[in-house]
Amino acid sequence: MAVFLDFPVSSLKIQNPAVALTYNTRPGQEATNGMRRSRGYSGAQWRMKFDVLVHDEQSVRAIRAFLFSMEADSQLVRIPMPDRYAIDGPFAEATADARAQYPGGIPFATDAMFATGVGHAVPTLETYFSEAAALSDRILYVSQADEVPAGCAISIDEFCYGVAGSWIEDGQQRIRISPTLRKPAARGDTISLAPVFVGYCVTENPGYDALVAGYYGTHTLEFVEDLTRLVEDVD
């Protein structure tokens, strides 16, 4: 099982996020009579790029510690998708008020926190497969009563998907995803509405960004989704 390094979103401020699903295609070919063959399509990967604002000793040490742990591209990094318009997640405006109720985490029934001073993690929104789905399926049946809107991202088994469309048919919600489903899913399996990105850093010399007078500035980091997790280990 892969071991992930979690990006410290609570300690570092992400700015100017760029997140997109990139498609691996080959150029179309045009014959001399003007007929054209359609582009080939071999797969897709999510890419993510953002700036990290550092402005004091605490934030500078936090990004350094993260970069020391990441060791360039040698560690897989898990990052909540920095999307203000997501259905849920630590950046989503739609659920910001709910998260603000428990800034330090949810306490026990006695209102006590853990010895570290924090509570239980605030749960994120989820839905479930209402029907099993096969590898490479594009239409999924989901149990969510509220609409899962098109234009949002979701994650399944920590692989990201874009919702290209959603509709209710015969009382059953269906969503169309891109790319197609990367692993088979059983009825009842979880679909996270707070998408999580897992990838590796492709920034050349991450952390080598000039800080104004050595005190403050931004570090730019870029990541590409890791798909090697789709390959099962064989003894």
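The values are calculated or read from the model by the stated rules, or taken from the named source; none is laboratory data. Values in this document were obtained by computation on a predicted structure and should not be read as measured data. Heads up, the Cβs are rebuilt from the backbone with ideal geometry, glycines too, and the neighbour counts pull from every protein chain shown. Heavy atoms of the whole protein, side chains included, go into the accessibility calculation; ligands, DNA and RNA do not. Shrake-Rupley method; radii C 1.70, N 1.55, O 1.52, S 1.80 Å.
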- Message: For the stretch 134-230, I need the span (max minus min coordinate) of the C-alpha atoms along each principal axis, in Å, sorted largest to smallest.
- Response: 63, 28, 19
- Message: At 7 Å along Cα-to-Cβ for each site, give me the label-to-label distance between Ala145 and Ala94 in nm.
- Response: 1.6 nm
- Message: I need the phi-derived Karplus couplings for the stretch 65-80: 6.51 cos²θ - 1.76 cosθ + 1.60, θ = phi - 60°, integer Hz, Gly and Pro marked x.
- Response: 4, 4, 5, 4, 6, 5, 6, 6, 9, 7, 10, 6, 10, 9, 9, x
- Query: Could you give the nm distance between label points at Ala132 and Asp170, where each point is 7 Å from its Cα heading toward the beta carbon?
  - Reply: 1.8 nm
- Task: List the residues whose amide H sits under 5 Å from the amide H of Trp46, counting only those 5 or more places along or on another chain, with H placed 1.01 Å from N in the peptide plane.
- Result: Thr22, Glu225
- Amide H contacts of Glu126 (H built 1.01 Å from N, under 5 Å, at least 5 apart or other chain): Leu193
- Query: Between Ala186 and Glu222, what FRET efficiency comes out of the Förster formula 1/(1 + (r/R0)^6) with R0 = 41 Å and r the beta carbon distance, rounded to 0.05?
  - Reply: 0.75
- Item | Interchain or long-range residues, amide H under 5 Å from Asp137's placed H | Leu181
- Please identify which residues in the stretch 217-231 have an amide N closer than 12 Å to a label point set 7 Å out from the Cα of Arg47, following the Cα→Cβ vector. 222-225
- For the stretch 10-19, 3J(HN,Hα) per residue [Karplus equation, 6.51 cos²θ - 1.76 cosθ + 1.60, θ = phi - 60°, Hz, x = Gly/Pro]: 7, 9, 10, 9, 8, 10, 6, x, 10, 10
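Roughly speaking, to the nearest percent, how much of the stretch 130-190's 1.4 Å accessible area is carbon and sulfur? Write down the numbers at each step before the final one.
Working: 1360 of 2990 Å².
Carbon with sulfur: 46 percent of the solvent-accessible area.
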- Each label sits 7 Å from Cα toward the beta-carbon; between Leu21 and Val9 the label points are separated, in nm, by 1.9 nm
- Residue-wise, which Karplus ³J(HN,Hα) couplings in Hz belong to the stretch 87-93, taking 6.51 cos²θ - 1.76 cosθ + 1.60, θ = phi - 60°, and x for glycine or proline? 5, 7, x, x, 9, 6, 5
